[in-house]
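What follows is a set of notes on a single structure, which appears directly below.
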Amino acid sequence: MRICLVEDDLELGRSLQSLLQDAGHEVVWVRRATDARYWTAEQQFDTMLLDLGLPDGNGLDLLRSARQHDKQLPILVITARDGIEDRLHGLDSGADDYLVKPFAGVELLARLRAVARRSGLLATPDEVHEWRIKDLCLDERRMVLVRKTPREDQPINLSKTEFSILLALLKQPDRVVARRELEVRALLHADSHALDVHMFNLRKKIGEGYIRTVRGVGFVIEKA
């Protein structure tokens, strides 16, 4: 998909742009409402990701004008405003979905796929969405992890962040994924202590023998 990303926070914008590009999307990232109006008027986009807190205007005003310009454009609001009235205002102003910060990268990608399906933007038929390692099987679309046994599939309940971390590692088996890269992909912010907590909980749930720590560098999942 071709995505217009409207996010004024420099670090978060870079993280989101990296996440979306790694998922195969084309991204035009702007940090001001003025630039967003220019780009959406001049070029065609499949989706807009819109932060409501912008330095040069109210994000809701931009949302309304974008909706008037293109009634079919899927718009996903990403914001720290988590009140029920804020959500209702966003949806009533034309948003197709509303995602509250902080959020996991895997949830954002899932929400994007959902608004794309509702808008008729079909995913590539041969897109890989299941990832396996030893007896674990992760379904990216359904956000489900199971342990395969001879008798039955045993579900393993992960948080959204734990799921994002495991997915990032499974997509790059036998490659050491740097801590900073995992923070960008899974946490969308730089917080090494938070990463350690999530990694500890993830390992506790899936068991030993899957994720190996490379001291001073990052983590790796090995196929063998």
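The values are calculated or read from the model by the stated rules, or taken from the named source; none is laboratory data. Since the model is a prediction, treat every value here as computed from it, not as a measurement. Here the Cβ positions follow ideal geometry from the backbone for every residue, glycine too, while neighbour counts run over all protein chains shown.
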Open item on the list: Yes or no: segment 112-121 includes at least one residue that is in a strand (DSSP E or B) and of a type outside the set (F, W, Y).
Closed with: no
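Taking segment 22-36 as the search range and keeping residues that are in a helix (DSSP H, G or I) and modelled with pLDDT of 90 or more, which one is surrounded by the fewest Cβ atoms within 10 Å (Cβ to Cβ)?
T34
Only one of these is touching a helix residue (DSSP H, G or I) at 6+ places or on another chain (Cβ under 7 Å) and crowded, with 19+ Cβ neighbours inside 10 Å: L5, L16. Name it.
L5
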TODO: Could you tell me whether segment 164-187 includes any residue that is in contact with an Asp or Glu (Cβ under 9 Å, 6 or more places away or on another chain), polar (S, T, N, Q) and touching a residue at least 60 places away in the same chain (Cβ under 8 Å)?
DONE: yes
Task: Pairs, first at positive phi in segment 141-153, second charged (D, E, K, R), C-beta under 9 Å, six or more apart - done: M143/E107; M143/K160
Task: Search result, residues across segment 161-192 that are modelled with pLDDT of 85 or more, surrounded by fewer than 16 Cβ atoms within 10 Å (Cβ to Cβ) and of a type outside the set (A, V, I, L, M, F, W, C) - done: Q172, P173, D174, R175
- [ ] Output the number of residues of segment 26-57 satisfying the condition of being touching a residue at least 40 places away in the same chain (Cβ under 8 Å) and touching a helix residue (DSSP H, G or I) at 6+ places or on another chain (Cβ under 9 Å).
- [x] 10
Task: Those residues of segment 173-188 which are in contact with a strand residue (DSSP E or B) (Cβ under 8 Å, 6 or more places away or on another chain) and assigned to a loop (DSSP other than H, G, I, E, B), in sequence order - done: P173, D174, R175, V176
Task: Failed item in (1) modelled with pLDDT of 80 or more; (2) within 19 Å of D22 (Cβ to Cβ); (3) outside the structural domain of K71 (by TED's automatic domain parsing); (4) not aliphatic (A, V, I, L, M), with P150 passing the rest - done: (2)
Open item on the list: Of the residues R132, R142, only one is at pLDDT 85 or above, surrounded by fewer than 16 Cβ atoms within 10 Å (Cβ to Cβ), among the charged types (D, E, K, R) and not in a helix (DSSP H, G or I); which?
Closed with: R132
Task: Yes/no for E208 being of a type in the set (D, E), assigned to a loop (DSSP other than H, G, I, E, B) and at pLDDT 90 or above - done: yes
- [ ] Tell me, please, whether a residue that is under 28 Å from D139 (Cβ atoms) and of a type in the set (G, A, S) can be found in segment 34-54.
- [x] no
TODO: Return yes when T47 is touching a Pro at 6+ places or on another chain (Cβ under 6 Å), within 29 Å of K171 (Cα to Cα) and of a type outside the set (D, E, K, R) and no when it is not.
DONE: yes
Task: Matching residues, segment 148-172, being under 23 Å from K223 (Cα atoms) and part of a helix (DSSP H, G or I) - done: T161, E162, F163, S164, I165, L166, L167, A168, L169, L170
